[in-house]
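The values are calculated or read from the model by the stated rules, or taken from the named source; none is laboratory data. Worth saying up front: this structure is predicted, and the values here are computed from it rather than measured. Cβ sites come from the backbone with ideal geometry, for glycine too, and all protein chains shown count toward neighbours. To get the accessible areas, we keep the full protein, side chains included, count just its heavy atoms, and leave off ligands, DNA and RNA. Shrake-Rupley method; radii C 1.70, N 1.55, O 1.52, S 1.80 Å.
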Amino acid sequence: MNMDLEDQLRLDMERATRDVRVPHGLAIKADRHRRKRQRTVRMATAAATATALVGGVAIAGVAGAFGEAPTSPNAKLTAYVIGRVQRALAPAKVDDMVGAVRTTYPPGTTIGPVPGGLSGMGGASHWSVGYVVVWADQGTGVSKFAGYTSGGQHVFDAEISRANGAATETAVIYRDSTWWTATVPRPPAPPLADCIRGNAVYLRPGPDGGWPGFIRSQLACGAYTVAGHQVVGGVDTIKLTGGPWGTLWVNPASYLPVQVNFGPQHMTFQWLPATPVNLAQLNVSVPAGFQQVQPPPPRPNPGTPATFSWTR
Amino acid sequence: MHADRAVADLELFLAERGDLLLRTAVLLAGSREAGEDLLQTALERLLKRWTTIEGSPEGYLRRTLYHLAADRWRQQAALHRQLRLLRAGDAATVADPMAEVELRDSLVRLLMQLPPRQRAVIVARYWEQLSEAESAQLLGCSIGTVKSATARGLQRLRELSGSSARGQEDGGQARISKERMA
């Protein structure tokens, strides 16, 4: 027996874990997780049963989509994938990222910036928009909405920066060469519903807010199951279906969302490091010669900032 | 109500013994994050059986840590196999951050290359300083299994550290020389 190796092993083990301290509240976290997992497994099992009852149609759909014999929904696999997505979207992980979410709207959608975010779908003063890219600094909550026609023409930019409990929005409308600025009260963070069942999504600002917080809260409601794989945007994603608000595709390497389908709209995600170049995407500058105008009326209910909505 | 009291009791217990348990979990799992994960899972199991456990929960918790450490990797490997099956025809492997080793000390880093069972035995014997009989009881195996797993684990560490030392010697940074290993 070689004592040197054993002594060295003990020393290295001691040194490697010297600074390890158990985080406060681990038992509470374990208890919450245990309850959540019980709920997830129960609901996944219920979803699997429901799928089995629906029978041939659903199975044929899955087989057609993935070109393989269907694998019955597996509660353990689903719980594992959802756990990884939840962890990938935890504030500690995404706070150093810049998220870019591109939302593609159905033809004929009109939308425009108003103090507090975007408003639209049919307003007379709004512009025909094919897609909107929302840039968000997950750490600070600073965001920018950039609207484009379906052909890629820049329609508007609106930047919302937050300081001292208030948000300032600056919007530039390229279609009529105008701009406005407005201070909007910081809306109170609405509580995240356990499971969205309505026809609107409310993204609360701040830590664990935005899309990461929303997706985390909705996955926790337990209705999602792994439904196979699908290539989306060049990524061979894991597909999660069965939730009340849409289908989610996640990157199998990072477990970050790649795409969400939500009613008639779909959103594609990019997760970028918060480098100066990427953070610069959040800035809006007013081009020379643009005329300053009065801002339009703010959103009717700034306390519940709907990012978008649709009617089923 | 009952569950809340169990959680409160467990928090008190962790304030006393948590650091040591987490250090063990980190060594078994290979990284700080994975160690916390492992301990949290063991705590979940403990909470599930709280009412049936008499006395200090430490024994149950430590046994669970060791058993999970061996099972966990098997489960994860199985889940990754399923994911690969779902992604039919794709040979690309799924990146596994759990496999990332954050521990930098050489022998601990090499320890992570051992199979889970050997690693658990080495941690029990050389971190917890348990006897062969105590290790066997903790791991739920025979003393003979502990002996053979220990011997194989140490032998493998010796080989790995030998090649690591050779590599480092090239750069003049050898920490564990071949002579010391002999």
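Worth pointing out:
- Boolean, residue B:33 is out of contact with any strand residue (DSSP E or B) (no Cβ under 8 Å at 6 or more places or on another chain), open to solvent by 10 Å² or more (accessible area, probe 1.4 Å), assigned to a helix (DSSP H, G or I) and at the interface with another protein chain (Cβ under 8 Å from one of its Cβ atoms): no
- In the range B:42-60, the count of residues that are part of a helix (DSSP H, G or I), within 11 Å of chain A (Cβ to nearest Cβ) and among the β-branched types (Val, Ile, Thr) is zero.
- Scan the range B:110-165 for residues that are within 16 Å of residue B:29 (Cα to Cα) and open to solvent by 60 Å² or more (accessible area, probe 1.4 Å) and the total you get is 3.
To keep it simple, each residue is scored yes or no on (1) open to solvent by 20 Å² or more (accessible area, probe 1.4 Å); (2) under 27 Å from residue A:142 (Cα atoms); (3) within 14 Å of chain B (Cβ to nearest Cβ); (4) at pLDDT below 80.
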{"residue": "A:200", "(1), (2), (3), (4)": "no, yes, no, yes"}
{"residue": "A:216", "(1), (2), (3), (4)": "yes, yes, no, no"}
{"residue": "A:238", "(1), (2), (3), (4)": "no, no, yes, no"}
{"residue": "A:244", "(1), (2), (3), (4)": "yes, no, no, yes"}
{"residue": "A:260", "(1), (2), (3), (4)": "no, yes, no, no"}
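- Of the helices (runs of 4 or more DSSP H) entirely within the range B:89-180, those holding at least 2 residues that are away from chain A (no Cβ under 11 Å) and at pLDDT 90 or above occupy B:116-122, B:132-139, B:143-170.
- Scanning the range A:7-22 for residues that are facing another protein chain (nearest Cβ under 7 Å), of a type outside the set (Ser, Thr, Tyr) and surrounded by 13 or more Cβ atoms within 10 Å (Cβ to Cβ) turns up A:8, A:9, A:10, A:12, A:13, A:15, A:16, A:20, A:22.
- Single match in A:47, A:30 (criterion: modelled with pLDDT under 75 and open to solvent by less than 40 Å² (accessible area, probe 1.4 Å)): A:47
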